[in-house]
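Each reported figure results from applying straightforward, stated rules to the coordinates on display, with no laboratory input. Remember, it's a predicted structure, so these values are computed and weren't measured experimentally. Cβ atoms come from the backbone with ideal geometry, glycine included; neighbour counts cover every protein chain shown.
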Amino acid sequence: MTPSLMAATARRVLQQIRRDRRTVALLMVMPLVILSLLKFMFTDIPVPPGADPTFDSFGPRLMALLPMLLMFVVTSVTTLRERISGTLERLMASPLRKADLVLGYALAFGLIAIVQAGLILAFSLSVLNLNFAGNMWLLGVIIVLDAILGTVLGLAASSLARTEFQAVQMMPAVILPQVLIAGLFLPRDAMPAVLEWVSALLPLSYAIDGINSLAAGDNNVWSEVGVLIAFIVGALVLAVVTLRRRTA
Amino acid sequence: MAAKRQEPAIAIRDLRVIRGSRKVIQDISINISHGSLVGLLGPSGSGKTTLMRAIVGAQIIAGGSVTVLGKTAGSPELRSDVGYVTQSPSVYADLTAHENLQYFAQLAGVGNAEIKSVLKTVDLHDIADRPVMNLSGGQRSRVSLAAALLGTPEVLILDEPTVGLDPVLRKDLWDVFRSLVKGGATLLVSSHVMDEAQRCDRLIMMREGEILAHSTLPALLKKTKTKDVEGAFLALATTVDTSRSEEKR
Ligand SMILES: Nc1ncnc2c1ncn2[C@@H]1O[C@H](COP(=O)(O)OP(=O)(O)O)[C@@H](O)[C@H]1O
Ligand SMILES: [Mg+2]
């Protein structure tokens, strides 16, 4: 690995994103719009005495899903463009190492993730009056890790893909199962045992577990954070190893 | 250096490439010597791009070997010595020419002076601050070429670099290629425009994944008793086809 080449790659990716207003809006504004919609959606639902208002329990969990989903899509599209434009082939014939490329991308999107998480939390607290019992910093950590996870899964998926079409197919294949069974709609332990096992293999499950535990006032989420980091490292390794310099 | 010069810059032995289920390159062997400007001519689909990809180490090969500067094609040590310009411009369309070159210069380990110099070489310094997506096709392919010139690689593989350029610019670029060769570089330049052949030291003619000829233009015209490259190609292709059909009989 060559840190200067990794930094150069991250800088170039950020330059591209900055130039692309729509992608910036998608990453920074879209989560706020969706969270506002969620809040609005629940306004007429009566809250049983003693229970949390629905937005307060649902909102934080959605904060785990949205960054991951958006970062996954944006990363996949950016790397897909790299493939279609032929720049990937050029980079693979250059002195750039595979790890420099993958980590450069991860670094660029990791920085974006921190800004994104900051915006989401600030907006939820100040505008949407979110009531969250747990530690806000830890919630922020989980959201950032989750967004980085979306990026590295996107990198791994596009490295694995051998064709442009495969790269597009990876998007729903990686994300949709997690949306359904990672505990967003139904607590994982309330699902049939088989689904509960499957969900244990999905990284989003641990983000949502962590957020649920924070919301319940339990700040001991280090095991969930550890699992998220392990998934991130695993996906990075997968992305580097499966990227091919030679193609058919 | 002298010892190194004696072996070919690019040595291809019994190369076979299969893409999809088609044999795209069939048992090709060629040597390209140091400091020469070699034209790779052939109709579209004849395997020029595939052969070039094999030389830069981007192509999975089914058999044979490709050696560049004494090392197996695609070796890590070669990546700063071999420049490659893909057939369609491979640059970031949303960045400016200058930003593109800044990134590729960092990869090549060269600085701003070199960026300035390659921008001049390809005559782009006036429009270097425009996003590449707002440039014409010919301008884009020159940005792509400029990126490959950074760091003055010893071997340059250029896939149809002059397609769609106006004749004046085409002449300028061939002058650039010639000066690079004078500076010691080895260039392999593909084209499906047969009249660019005059500009090359040697020609490789390809058809359907096979080499029809590898020689100088005068020798080729003499051997085929033709007046131009187009005629020579036709004559060679006909000879191959006739001997094939005789073999079958
Ligand atoms: N990615 C690919 N998969 C399968 N076949 C390919 C691919 N790319 C090119 N080919 C085939 O390989 C042959 C040679 O192509 P190419 O090397 O691009 O020729 P040229 O550059 O001379 O036009 C063509 O018949 C083409 O259809
Ligand atoms: Mg071609």
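Key figures
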{"read-out": "Positive-end residue of B:G64, B:F104, B:L220, charge dipole of the protein assembly as shown with Cβ unit charges", "value": "B:L220"}
{"read-out": "For segment B:198-249, convex hull volume per residue from C-alpha positions, Å³", "value": "76 Å³"}
{"read-out": "Footprinting exposure proxy for B:S44, A:S158, B:S33 (fewest neighbouring C-beta atoms within 10 Å first)", "value": "B:S44, B:S33, A:S158"}
{"read-out": "Table column - 3J(HN,Hα) (Hz), segment B:58-75, Karplus curve with 6.51, -1.76, 1.60, x for Gly and Pro", "value": "9, 10, 6, 10, 8, x, x, 8, 10, 10, 10, 6, x, 10, 4, 3, x, 4"}
{"read-out": "Computed label-point distance, nm, for sites B:Q6 and A:A51 using a 7 Å Cα→Cβ extension", "value": "8.9 nm"}
{"read-out": "Most mobile of B:T67, B:T238, B:T152 in a GNM of chain B (Cα contacts under 10 Å)", "value": "B:T238"}
{"read-out": "Radius 15 Å from Cβ of B:L234, net charge of other residues (Lys, Arg +1; Asp, Glu -1)", "value": "-1"}
{"read-out": "Order of B:V68, A:V168 under a 10 Å beta carbon neighbour criterion, fewest first", "value": "A:V168, B:V68"}
{"read-out": "Helix axis angle, A:3-19 relative to chain A longest principal axis, alpha carbon, degrees", "value": "70 degrees"}
{"read-out": "Inter-label distance for B:T226 and B:K182, nm, one decimal - labels placed 7 Å from Cα along Cα-to-Cβ", "value": "3.1 nm"}
{"read-out": "Within a Gaussian network of chain B (alpha carbon springs, distance under 10 Å), most fluctuating of B:P131, B:P89, B:P167", "value": "B:P167"}
{"read-out": "Given charges at Cβ of Lys, Arg, Asp, Glu: chain A dipole, positive-most of A:Y206, A:G50, A:L111", "value": "A:L111"}
{"read-out": "Per-pair calculated FRET efficiency, R0 = 25 Å: A:I229 and A:M136 via Cβ, rounded to 0.05", "value": "0.80"}
{"read-out": "Only Lys, Arg (+1) and Asp, Glu (-1) charged, at Cβ; the protein assembly as shown dipole about Cα centre in debye", "value": "1680 debye"}
{"read-out": "B:S33/A:F165 FRET efficiency (R0 45 Å; Cβ-Cβ; nearest 0.05)", "value": "0.60"}
{"read-out": "Extension gain from B:K120 to B:D172, taking 0.36 nm per residue of separation minus the Cα-Cα distance", "value": "17.6 nm"}
{"read-out": "Residue of A:S159, A:S205, A:S126 that the Gaussian network model of chain A assigns the largest fluctuation, springs spanning Cα pairs under 10 Å", "value": "A:S126"}
{"read-out": "Check: segment B:1-149 dipole with +1 on Lys, Arg Cβ and -1 on Asp, Glu Cβ, in debye", "value": "500 debye"}
{"read-out": "FRET efficiency, A:I84 to A:E196 (Cβ-Cβ, R0 41 Å, nearest 0.05)", "value": "0.55"}
{"read-out": "For B:V24, distant residues with modelled amide H under 5 Å away", "value": "B:V17, B:I18, B:R19"}
{"read-out": "Neighbour-count ranking [beta-carbon atoms within 10 angstrom, fewest first] of A:D56, B:D175, B:D228, B:D159", "value": "B:D175, B:D228, A:D56, B:D159"}
{"read-out": "Dipole of chain A, positive end: most advanced residue of A:M170, A:V33, A:L184 [Cβ charges, Cα centre]", "value": "A:M170"}
